[in-house]
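The values are calculated or read from the model by the stated rules, or taken from the named source; none is laboratory data. Being a predicted model, the structure only gives us computed values, none of them experimental. Here the Cβ is made from the backbone with ideal geometry for all residues, glycine too, and neighbour counts use every protein chain on show. SASA here: full protein model, heavy atoms, side chains in, ligands and nucleic acids out. Shrake-Rupley method; radii C 1.70, N 1.55, O 1.52, S 1.80 Å.
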Amino acid sequence: MTKLLLSLHVLAAIVAIGPVTVAASMFPAATRRALDTGEDRDVTVLRTLNRICRVYAALGIAVPLFGLFTASSLDVLGDAWLITSIALTAVAAGVLVLAVLPRQQAVLDGFGREPVAVDVKWPARLAMHTGLFNVLWAVVTVLMIVRPGSTTGA
């Protein structure tokens, strides 16, 4: 059962978190391009990237759920590396929900106005928050692989 839970946890992370990190990372550059060209096609790309982020963020709930079930079956719920990973996952989710997604929506709302009301500083700020989100997930991934104190010899 543990192997199944671990497999589902890893698959959920790849399928749900991967698209969010890629789409969120592409959004600031796509914003700059849309500001430069003003073409509807570029704004459509922004809407698509935002939709990917929102949908896969919702699917991302499966990652910590399967993670908790896996940790419980491995009896490691009290391990420091896991508690740190849980805390960092919560921070990453907070950055995504409280900073990245609302700022993406603000950009989209700005393109919906005439004249376009998107501050040229927004892409840089959005890139910073997206980078923080991505770094947090990278640290969580490393913790999941290395697992300090692991008996696997890793």
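Points worth noting:
- Failed item in (1) part of a helix (DSSP H, G or I); (2) over 30 Å from Ala34 (Cα atoms); (3) at pLDDT below 95; (4) of a type outside the set (Ser, Thr, Tyr), with Ala90 passing the rest: (3)
- Pair list, Cβ under 8 Å, 6 or more apart: region 92-103 residue over 14 Å from Asn134 (Cβ atoms), other residue open to solvent by 10 Å² or more (accessible area, probe 1.4 Å): Val97/Ala57; Leu101/Arg54; Leu101/Ala57; Arg103/Trp122; Arg103/Arg125; Arg103/His129
- Every residue from region 46-66 that is part of a loop (DSSP other than H, G, I, E, B) and either open to solvent by less than 30 Å² (accessible area, probe 1.4 Å) or in contact with a strand residue (DSSP E or B) (Cβ under 6 Å, 6 or more places away or on another chain) (or both): Gly60
- Considering the conditions (1) touching a Pro at 6+ places or on another chain (Cβ under 9 Å); (2) surrounded by fewer than 13 Cβ atoms within 10 Å (Cβ to Cβ); (3) of a type in the set (D, E, K, R), Asp36 is excluded by exactly one of them, (1).
- Candidates in region 17-33 are the residues that are among the hydrophobic types (A, V, I, L, M, F, W, C) and surrounded by fewer than 17 Cβ atoms within 10 Å (Cβ to Cβ); of these, the one that is nearest to Leu5 (Cα to Cα) is Val22.
- Residue among Val100, Val43, Val76 that alone is among the β-branched types (Val, Ile, Thr), within 13 Å of the chain's Cα centre (by Cα) and either under 14 Å from Val20 (Cα atoms) or open to solvent by less than 60 Å² (accessible area, probe 1.4 Å) (or both): Val100
- Among (1) of a type in the set (A, V, I, L, M, F, W, C); (2) open to solvent by 30 Å² or more (accessible area, probe 1.4 Å); (3) not in a helix (DSSP H, G or I) - the single one Phe69 does not satisfy: (3)
- Qualifying residue in region 112-121 (condition: surrounded by 12 or more Cβ atoms within 10 Å (Cβ to Cβ) and assigned to a helix (DSSP H, G or I)): no
- Applying the criterion of being open to solvent by 70 Å² or more (accessible area, probe 1.4 Å) and at pLDDT 95 or above to the residues of region 126-143, the residue that is farthest from Thr44 (Cα to Cα) is Val135.
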